[in-house]
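Enquirer: Handing you this structure, nothing more for now.
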Ligand code: FRU
């Protein structure tokens, strides 16, 4: 009953809000975004029976965070997506304040979702249940209820299960906050997805040589890349450094070796995955051909969110583009998924001094620039990228404070690849050695304008707009 009632309200919100949302000039042409309301984390990303499935945290009723639903899209090629029935609605007591993030596995040829039922109490406290839901023959999801209550020794902040299969067993990593307010990742094992055995903490604040490392770790993901384990997670509460960790919350990784028997993860230092302004809650899956693919939320849960101009049109946030990961010299490299190249229209090429470069339209476009010397790049009169020979500085005006803010990448720049789509720019540095992801809200028809006397070699494509059906 409760589910039917929530679905009626959801339908009404879409009927009322859809026209206004679709009229927003900042609506992306080819990135995934919510029809109305707020989108945050990618969830349940999986490839199965010829389709990529991507679920997402969705508040269809508001541009603020609140009680989350799971929306669902699928695609055969990562470019053309179609809506699927809403997968999860927060209708039960064990998820009264949201069907929070989680993942998907395949059991008996069907998708099973593992997610967090979030429950808040009037006194401000909360608890969390890890829950299952199983795909039925209609492509809808039947809830099987909680399979794991709060483990002892942790606060109500235990969430975001990522589950995978290894050596005939199921494993889960969970983001957690312990009673001393330290962020942790727990590893659990199961034969059947229903009974779970907690193997303990495999990484966290104060563990593995990290020192104090945040009061909560969200959205863990653990997988193998070129024979090494990568633990992705989002630590909350890291202090900003001069050039790093400058966003309110971070998304990054630890590279190491997981001993499944001892439940020990020996790892190296923490690296941020992205050096831009908006990138959070990444989640990966394996493609049919063995590539490790990633989507992330192009947003950060911070006090700036509601200042985005899309809120006036009743929607907020997009996913990043799909990316493929590889490991090069002990670093995780991210590149746009090669499938995105089908979006490219006629190529244009140009070579010469930066000041003489033509202004390139970037409403929905891709640019590859080969670089030899310092230069400045203005993007839609809103973002400025400056390369001084040692570091990139990316600057913009903060929408809430009106003050200039900058992010940095340090290294030897040879090439930039920019993917621009109405309200976002993803900047891939040296074939993915670094990435700077950010939302931006230019007015009119934005252009990329190069300045300086560096010799540049440019490739430019306008991108087509695949229909989201
Ligand atoms: C990360 C996060 C998750 C949580 C979800 C709720 O952005 O806070 O930890 O499950 O969002 O929407």
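Enquirer: With angles folded into 0 to 90 degrees, how steeply does helix 2-22 sit against the dominant principal axis of the chain? Use alpha carbons for both and round to 10.
Expert: On a 0 to 90 degree scale, this one is about 10.
Enquirer: What distance in nm separates the two pseudo spin-label positions at residue 241 and residue 303, each 7 Å out from Cα along the beta-carbon direction?
Expert: Distance between the two pseudo-spin positions: 2.5 nm.
Enquirer: Moving on to the next point. I need the peptides 434-441, 310-317 ranked by packing, meaning the mean over residues of other C-beta atoms within 10 angstrom, with the highest value on top.
Expert: Result, highest mean Cβ count within 10 Å first: 434-441, 310-317.
Enquirer: Let me ask something additional. Which value, in Å to one decimal place, does the Kirkwood hydrodynamic radius take for the chain when every pair of different Cα atoms is included?
Expert: 22.7 Å
Enquirer: Relative to a virtual label point 7 Å from the Cα of residue 19 in the Cα→beta-carbon direction, which members of the stretch 49-84 show backbone nitrogen distances below 20 Å?
Expert: 61-62
Enquirer: Shifting gears a bit: How do the peptides 389-399, 416-426 rank, highest first, by the average count of neighbouring beta carbon atoms within 10 Å per residue?
Expert: Order by mean packing, descending: 416-426, 389-399.
Enquirer: What does the C-alpha gyration tensor say about the overall shape of the stretch 267-373? Classify as rounded when a/c is under 1.5, otherwise prolate if a/b is larger than b/c, or oblate.
Expert: Because a/c hits 1.5 or more and a/b fails to exceed b/c, the stretch 267-373 counts as oblate.
Enquirer: Next up: For the stretch 1-146, what number results from the quotient of the Cα radius of gyration and 2.2 N^0.38 Å?
Expert: 1.05
Enquirer: Let me ask you something else. Rounded, prolate or oblate: which fits the stretch 96-224 when a ≥ b ≥ c are the square roots of the eigenvalues of the alpha-carbon gyration tensor, with rounded for a/c under 1.5 and prolate only if a/b beats b/c?
Expert: Oblate shape, in that a/c is at least 1.5 and b/c is the bigger or equal ratio.
Enquirer: As a check on your grasp of the helix formula, calculate [θ] at 222 nm for the chain: sum -39500 (n - 2.57) over DSSP H runs of n ≥ 4, divide by the residue count, round to the nearest 500.
Expert: Calculated at 222 nm, the ellipticity per residue is -1500 deg cm²/dmol.
Enquirer: Is any residue of the stretch 111-152 close enough, with backbone N under 19 Å, to a label point placed 7 angstrom from the Cα of residue 82 along the Cα-Cβ axis, and if so, which?
Expert: Residues passing the 19 Å test: 111, 135-141.
Enquirer: What three numbers, in Å, describe the spread of the alpha carbons of the stretch 172-279 along their principal axes, ordered from the longest?
Expert: 45, 36, 25
Enquirer: If I model a spin label at residue 353 and residue 326 as a point 7 Å from the Cα along the Cα→Cβ vector, what separation in nanometres do I get?
Expert: A separation of 3.7 nm, rounded to one decimal place.
Enquirer: Compute the distance in nm between two label points, each set 7 Å from the Cα along the Cα-to-Cβ direction, one at residue 137 and one at residue 431.
Expert: Rounded to a tenth, the inter-label distance reads 5.0 nm.
Enquirer: Which of rounded, prolate or oblate describes the stretch 213-347 when judged by the alpha-carbon gyration tensor and an a/c cut-off of 1.5?
Expert: Oblate shape, in that a/c is at least 1.5 and b/c is the bigger or equal ratio.
Enquirer: For the stretch 187-220 and the stretch 287-335, what is the centre-to-centre distance using only Cα atoms, to the nearest Å?
Expert: Result: 23 Å between the Cα centres.
Just so you know, all these numbers are worked out from the coordinates, no wet-lab data involved. Not measured: the values here are computed from a predicted model. Neighbour counts run over all protein chains shown; Cβ positions are idealised from the backbone, glycine included.
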